[in-house]
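K.L.:
One structure follows; several queries about it will come next.
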Amino acid sequence: MKILFLCTGNSCRSQMAEGWARQLKGDVIDAYSAGIEKHGLNPLAIKVMAEAGVDISRQKSSLIGELPVTKFDYVITLCGHANESCPFFPGRKIHHGFADPPQLAADAKTEEEQLGHYRRVRDEIKAYIETLPGSLTKNHVEKQGNMDDL
């Protein structure tokens, strides 16, 4: 099953989701991530994922058009902006939003305080990924149709 995790900048949440999906569900999910924009990998996201035993440091921040695959079984948007700006994809689109760690950590006084926000979102994303693919039911998807029909 091919799943694209989509976020605004493909720097944090979608990268975490791709990393967790590869680590936890690699036998049933072919995971990809991309962004509406390209912001580069967030170093604090890399750090908290490494703490959990998942190396995302070799993943790349990509735009949708740079992906090697264009047909996905599911596109899962992880932030409101990506959900609203998501281009048409064949398959099914699901929105499952998570708070933005950099935004949550903006007022943190120390790096450790910042990391606490990243860890919380990391763990929330992990819990969601653990439900896949079983939670991808008809009740939770918006049919996007087939691009070949256009």
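K.L.:
Here is a check on your reading of the model: is residue 69 within 23 Å of residue 133 (Cβ to Cβ), assigned to a loop (DSSP other than H, G, I, E, B) and in contact (Cβ under 8 Å) with a residue 40 or more places away in the chain?
P.N.:
Spelling it out, residue 69 is indeed within 23 Å of residue 133 (Cβ to Cβ), assigned to a loop (DSSP other than H, G, I, E, B) and in contact (Cβ under 8 Å) with a residue 40 or more places away in the chain.
K.L.:
Here is a follow-up. When both residues are 6+ apart or on different chains and their Cβ atoms are under 9 Å apart, which pairs have a first residue that lies in segment 10-39 and is hydrophobic (A, V, I, L, M, F, W, C) and surrounded by fewer than 17 Cβ atoms within 10 Å (Cβ to Cβ), and a second that is modelled with pLDDT of 95 or more and outside any loop (DSSP other than H, G, I, E, B)?
P.N.:
24/126; 24/129; 24/130
K.L.:
Check 78, 67 and return the single one that is within 15 Å of the chain's Cα centre (by Cα), among the hydrophobic types (A, V, I, L, M, F, W, C) and over 22 Å from residue 119 (Cα atoms). Walk me through how you get there before you give the answer.
P.N.:
Working: 78 fails: over 22 Å from residue 119 (Cα atoms).
Sole residue among the options that is within 15 Å of the chain's Cα centre (by Cα), among the hydrophobic types (A, V, I, L, M, F, W, C) and over 22 Å from residue 119 (Cα atoms): 67.
K.L.:
Continuing with this model, one more query. Of the residues 18, 84, 37, only one is in a helix (DSSP H, G or I), within 27 Å of residue 115 (Cβ to Cβ) and charged (D, E, K, R); which?
P.N.:
Details: 84 fails: within 27 Å of residue 115 (Cβ to Cβ); 37 fails: in a helix (DSSP H, G or I).
Unique residue meeting the criteria: 18.
K.L.:
Can I ask one more? I'd like the full set of residues that are over 20 Å from residue 26 (Cα atoms) and open to solvent by less than 20 Å² (accessible area, probe 1.4 Å), limited to segment 67-89. Step through it out loud before you land on a result.
P.N.:
Restricting attention to segment 67-89, the residues satisfying the condition of being over 20 Å from residue 26 (Cα atoms) are 79-89.
Those that are over 20 Å from residue 26 (Cα atoms) and open to solvent by less than 20 Å² (accessible area, probe 1.4 Å): 79, 82, 89.
K.L.:
Next question, about the same structure. Mind checking which residues of segment 127-150 are at pLDDT 95 or above and open to solvent by 70 Å² or more (accessible area, probe 1.4 Å)?
P.N.:
Here is the first cut: in segment 127-150, the ones at pLDDT 95 or above are 127-132.
130, the sole residue that qualifies.
K.L.:
Keeping to segment 121-135, report how many residues are farther than 14 Å from residue 73 by Cα and touching a strand residue (DSSP E or B) at 6+ places or on another chain (Cβ under 8 Å). Steps first, please.
P.N.:
Of the residues in segment 121-135, the ones farther than 14 Å from residue 73 by Cα are 121-131.
Next, from what is left, pick out any that are touching a strand residue (DSSP E or B) at 6+ places or on another chain (Cβ under 8 Å): none.
Within segment 121-135, residues that are farther than 14 Å from residue 73 by Cα and touching a strand residue (DSSP E or B) at 6+ places or on another chain (Cβ under 8 Å) number 0.
K.L.:
Exactly one condition in (1) within 22 Å of residue 22 (Cα to Cα); (2) without any contact (Cβ under 8 Å) to a residue 60 or more places away in the chain; (3) part of a loop (DSSP other than H, G, I, E, B) is not met by residue 92; state its number.
P.N.:
Just one mismatch for residue 92, condition (3).
K.L.:
Right, something else. Within segment 97-126, can you find the residues that are buried (at least 20 other Cβ atoms within 10 Å of the Cβ) and not in a helix (DSSP H, G or I)? Steps first, answer last, please.
P.N.:
Applying the first criterion (buried (at least 20 other Cβ atoms within 10 Å of the Cβ)) to segment 97-126 yields 100-101, 114, 117-118, 121-122, 125.
Within segment 97-126, just 100 meets the criteria.
K.L.:
Could you list, in sequence order, the residues of segment 3-21 that are among the charged types (D, E, K, R) and out of contact with any Leu (no Cβ under 7 Å at 6 or more places or on another chain)? Write out each step before concluding.
P.N.:
First, pick out the residues of segment 3-21 that are among the charged types (D, E, K, R): 13, 18.
Selection gives 18 alone.
K.L.:
Just the residues that are under 14 Å from residue 102 (Cβ atoms) and either open to solvent by 80 Å² or more (accessible area, probe 1.4 Å) or free of Cβ contacts under 8 Å to residues at least 40 places away in the same chain (or both), please, taken from segment 42-66.
P.N.:
The first filter runs over segment 42-66 and keeps only residues under 14 Å from residue 102 (Cβ atoms), leaving 42-48, 61.
43, 46, 47 - these are the residues of segment 42-66 that are under 14 Å from residue 102 (Cβ atoms) and either open to solvent by 80 Å² or more (accessible area, probe 1.4 Å) or free of Cβ contacts under 8 Å to residues at least 40 places away in the same chain (or both).
The values are calculated or read from the model by the stated rules, or taken from the named source; none is laboratory data. This one's a predicted model, so the numbers in the text were calculated from it and none came from an experiment. Positions of Cβ are backbone-derived with ideal geometry, glycine not excepted, and every protein chain shown enters the neighbour counts. The area values use the complete protein model at the heavy-atom level, side chains included, leaving out ligands, DNA and RNA. Shrake-Rupley method; radii C 1.70, N 1.55, O 1.52, S 1.80 Å.
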